[in-house]
1. For the structure I just gave you, tell me whether Arg361 is under 30 Å from Thr254 (Cα atoms) and of a type in the set (D, E, K, R).
2. Which one is modelled with the highest pLDDT among residues in region 34-69 that are aliphatic (A, V, I, L, M) and more than 24 Å from the chain's Cα centre (by Cα)?
3. Could you check how many residues of region 266-278 are assigned to a helix (DSSP H, G or I), at pLDDT 85 or above and not basic (Lys, Arg)?
4. Could you please let me know if Gly348 is part of a helix (DSSP H, G or I) and at pLDDT 90 or above?
5. Of a type in the set (Ser, Thr, Tyr) and crowded, with 17+ Cβ neighbours inside 10 Å: which single residue out of Ser366, Ser325 fits that description?
6. Keeping to region 294-312, report how many residues are over 19 Å from Trp262 (Cβ atoms) and part of a helix (DSSP H, G or I).
7. Check off (1) under 27 Å from Phe174 (Cβ atoms); (2) over 19 Å from the mean Cα position of the chain (by Cα) for Val75 and give me the number that stays unchecked.
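The values are calculated or read from the model by the stated rules, or taken from the named source; none is laboratory data. Quick caveat, the model's predicted, so the values are computed rather than measured. Reconstructed Cβ throughout: ideal geometry from the backbone, glycine too, with neighbour counts over all protein chains shown.
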Amino acid sequence: MEAKEKKIMSLSVGAHGLVHLFEGVLPPLIPLLIVEFGTDYFHLGLVVTGFSYAFGLGSLPAGILADRVGPRRLVTLFLFGAGILCIAVWPVNSLWVYAIIMGLIGLFCSTYHPAANTLLSLTMTHRGNAFGIHGIAGSIGVASTPLLSAWIGSIFGWRTPHVVFGMLSIGLAFYSLTIPGQAISPDEKDKTRDSHAKIHPENWIKIILFLLSATALGLTYKGIMTFLPTYMGQRVHLGFLSMNTVALGGTVATIALLSGAWGQYMAGRLVDRYDAEKLYLIAILIGMIFVFCMAISKGLILVGATIIYAFFYFSTQPIQNFLISNYFPKHRHGMGYGIHFFLTFGVGSTAAAVAGYLADRFGLESVFVAMGFCFVMSAAMVTLLILRSKRSCPTR
């Protein structure tokens with residue numbers, strides 16, 4: 001890996017961990033925020049929803065912008081913008097001001113995934129491996145946020161985690177300025193536009209099938225992860241661990257997410273060597289089996305099923321990023337990643353509300369049954385994608 005690639009990889013690893021720290025900073029602080037603002041779960045849930053929608057819906061314009069101004073510049077914008085807004089939480093004493101700031105942080109965070117994946121796809125020699133390492137950083141960020149936010153907040157106050165994460169973000173933003181803002185040279189960009197002015201019509205069919213599969217998986221992510229800790233706390237009883245249900249559920253969820261980091265790494269290594277579409281289908285099918293197992297199991301069997309589910313679910317992410325870099329020409333990578341994250345984060349965030357309705361009406365296990373059928377839909381789309389690939393050889 002060349003010196004420039006190492007700097008870009010270091011920036012992406014740090015920034016990906018931070019974006020998920022920003023995403024997960026609020027939920028562990030809910031007990032403190034209820035006391036601070038005299039509010040309830042519903043209104044704090046609205047704050048989380050506002051962040052999530054901004055996080056997802058901003059990805060589409062961010063992806064288009066990444067193609068125009070350069071992906072590294074958007075990563076820098078994310079780091080400075082989100083970092084400054086997190087520090088601005090310090091004097092806040094109103095729930096609605098806090099909600100507005102969190103929504104704006106979500107908007108800045110929305111620029112990250114399309115920009116970073118475009119940057120990696122255009123600069124890395126071994127894209128699959130780079131996507132895998134990048135994914136590991138995100139999974140570790142997701143897994144570590146509950147512990148970091150709760151620990152810092154309980155000792156130093158609920159505002160402190162925001163400020164600490166914000167300062168880290170600004171520090172990384174200054175480091176990002178040492179990396180050139182243009183991912184590819186203007187001459188190379190012009191040549192790319194000339195040779196790939198349009199996406200091949202056959203690729204559009206494959207892109208649509210791929211995006212439908214990714215949307216279904218985005219629904220499963222939000223639906224499962226929203227209720228996984230509670231579900232674990234209710235159905236896992238380990239006598240050798242003296243924890244309450246909340247702590248036990250959170251611990252098992254963290255273990256599952258860490259196994260997902262290993263899945264990201266393995267998939268990133270494999271996708272550079274083997275057929276990406278087939279790897280994608282295998283990961284979805286195995287993940288589907290273990291989601292259905294999660295719906296009917298308890299105790300250690302449930303823990304094991306969750307770990308295997310997380311391994312294979314998160315392994316789909318570097319494969320998805322790799323496929324987008326294949327389906328879209330270089331000067332449209334940002335648009336491709338923008339559409340992808342708009343669907344998985346934006347549209348996918350609706351699954352939390354639907355899953356909550358199912359849990360209230362039919363019990364928490366119904367959430368996992370429903371998410372299992374989303375896996376079935378995703379697998380069906382990828383099967384059609386593979387059949388389409390066998391019938392044609394489109395220009396890439």
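1. On the way: under 30 Å from Thr254 (Cα atoms): yes; of a type in the set (D, E, K, R): yes.
In short, yes.
2. Kept after step one, since they are aliphatic (A, V, I, L, M), are these residues of region 34-69: 34-35, 44, 46-48, 54, 57, 60, 62, 64-66, 69.
Next cut, more than 24 Å from the chain's Cα centre (by Cα) only: 34-35.
On the way: Ile34: 83, Val35: 86.
Among those that are aliphatic (A, V, I, L, M) and more than 24 Å from the chain's Cα centre (by Cα), it is Val35.
3. Pass one, region 266-278, residues assigned to a helix (DSSP H, G or I): 266-271, 276-278.
Imposing the further condition that a residue be at pLDDT 85 or above reduces the set to 266-267, 270, 276-278.
Checking the rest, the ones that are also not basic (Lys, Arg) come to 266-267, 270, 276-277.
Residues in region 266-278 being assigned to a helix (DSSP H, G or I), at pLDDT 85 or above and not basic (Lys, Arg): 5 in total.
4. On the way: part of a helix (DSSP H, G or I): yes; at pLDDT 90 or above: no.
In short, no.
5. Details: Ser366 fails: crowded, with 17+ Cβ neighbours inside 10 Å.
So the residue among Ser366, Ser325 that is of a type in the set (Ser, Thr, Tyr) and crowded, with 17+ Cβ neighbours inside 10 Å is Ser325.
6. Within region 294-312, the first condition is being over 19 Å from Trp262 (Cβ atoms), and the residues that meet it are 295-302.
Still in the list and also part of a helix (DSSP H, G or I): 295-296, 299-302.
Counting residues in region 294-312 that are over 19 Å from Trp262 (Cβ atoms) and part of a helix (DSSP H, G or I) gives 6.
7. (2)
Quick grid of which residues meet (1) out of contact with any Phe, Trp or Tyr (no Cβ under 8 Å at 6 or more places or on another chain); (2) surrounded by fewer than 20 Cβ atoms within 10 Å (Cβ to Cβ); (3) of a type in the set (Val, Ile, Thr):
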{"site": "Leu77", "(1), (2), (3)": "no, yes, no"}
{"site": "Pro91", "(1), (2), (3)": "yes, yes, no"}
{"site": "Phe108", "(1), (2), (3)": "no, no, no"}
{"site": "Tyr112", "(1), (2), (3)": "no, no, no"}
